[in-house]
Amino acid sequence: MNTEIDLSTSNRKTEHIRICLDEDVQARGISVGLENYHFIHQALPELDLAEIDLSQIFFGRKVAAPILISSMTGGAEWAARINRNLAEAAQQHGLAMGLGSLRAAIENPELAYSYEVRSYAPDIPIFANLGAVQLNYGYGLDQCRRAIAMIQADALILHLNALQEAVQPNGDTNFKGLLKKIEAVCRELDREGVPVIAKEVGNGFSKETARKLREAGVRGLDVAGSGGTSWSQVETYRIKDPLKRSAAQTFAGWGISTAQSVLWAREAAPDLTIIGSGGLRNGLDIAKIIALGADAGGLALPFLKAAEISAEAVSATIEQLVRELRIAMFCIGAENIKALQKTENLVKV
């Protein structure tokens, strides 16, 4: 066993939470890209702010706003409390929620409790999550079904984290032939009425990758572009070997910006549900990413920091995001999410 780090999945999850909360994990030298876009203010919007409709159908369930609490954690006691706070607030406000990778609970069923939030959030879309690369390391349809059943999920996220695995000590780096295995999972789960969402973790999707994933049968793409949390940067705080740490730091600015990734994903997969995430920090960011072509905006770190405090802190974060999104839509004359997606009042500067 490599003595650089504790390779226990559960301990790694706890370590990741601590690092994201306590350290500077921001991407270096690359931005989300939204600063290049501005809305054209409409002084006469011809709308009543109170009547703006943020609701939509999202993977089979109605949500009150196009905001996803992105997949973050699980597999440890600390994570269980965070997930519970997130779920309670998501239920209160009618938002969708993703769970962190359920690999820890697949390996050790005693950790399943840290992901089981359906009792706190019976009415919202909840997404299970596994690393796609695990399909090359013994996982298959059975593990995917177990993850879905464990949390009564509405969809399964298969996350793609090639850079993180490459810089992580003892990372799972065999991505060869993975697309066919993703396609097989999509085909079988689609027959069972469970959509698959392909998700990056902070480096974005190229147009080519989005097209391949669409052809493989995924029903959604979460681009998770560059500009927010950098997982190569997160790993630098775990790596003891100075050469490996330096290599991880080199890639802190790697990837495709969230804005560009959404544009490419929408072009390559016009019929899929697109989630724009990666460095979004407020309701104006969410408005911009939807106007660029996303169906919803996903946030992780702001919710993680709030969930560490309480469910009430998460609720306050949601209320602020919703208010800012509503104001942005009001000031460009967009009465609902469809109108925001079709607006001509977003310009590149």
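The values are calculated or read from the model by the stated rules, or taken from the named source; none is laboratory data. Quantities reported herein were computed from a predicted structural model and do not represent experimental measurements. We place every Cβ from the backbone using ideal geometry, glycine too, and count neighbours over all the protein chains shown.
Return yes or no: is residue 135 buried (at least 21 other Cβ atoms within 10 Å of the Cβ) and touching a residue at least 60 places away in the same chain (Cβ under 8 Å)?
In short, no.
Considering only the range 51-70, state which residues are over 16 Å from residue 281 (Cβ atoms) and touching a Phe, Trp or Tyr at 6+ places or on another chain (Cβ under 7 Å).
Listed by number, the list holds a single entry, 52.
Yes or no, residue by residue, for (1) farther than 20 Å from residue 194 by Cβ; (2) out of contact with any Ser or Thr (no Cβ under 9 Å at 6 or more places or on another chain); (3) modelled with pLDDT under 95:
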residue	(1), (2), (3)
68	no, no, no
82	yes, no, no
89	yes, no, no
100	no, no, no
106	no, yes, no
112	no, yes, no
117	no, yes, no
129	no, no, no
145	no, yes, no
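So which residues in the range 193-209 are surrounded by 24 or more Cβ atoms within 10 Å (Cβ to Cβ) and among the acidic types (Asp, Glu), if there are any at all?
Residue satisfying the conditions is 200 alone.
Looking at the range 272-284, can you tell me whether even one residue there is within 30 Å of residue 162 (Cβ to Cβ), of a type in the set (D, E, K, R) and either surrounded by fewer than 20 Cβ atoms within 10 Å (Cβ to Cβ) or over 17 Å from the mean Cα position of the chain (by Cα) (or both)? Lay out the reasoning, then the answer.
Here is the first cut: in the range 272-284, the ones within 30 Å of residue 162 (Cβ to Cβ) are 272-282.
Next, only the ones that are of a type in the set (D, E, K, R) stay: 281.
If we keep only those that are either surrounded by fewer than 20 Cβ atoms within 10 Å (Cβ to Cβ) or over 17 Å from the mean Cα position of the chain (by Cα) (or both) as well, we get 281.
Yes: one or more hits.
For the range 299-349, please list each of the helices (runs of 4 or more DSSP H) lying entirely inside it that holds at least 2 residues being out of contact with any strand residue (DSSP E or B) (no Cβ under 7 Å at 6 or more places or on another chain) and either among the small types (Gly, Ala, Ser) or closer than 29 Å to residue 76 by Cα (or both).
301-307, 311-330
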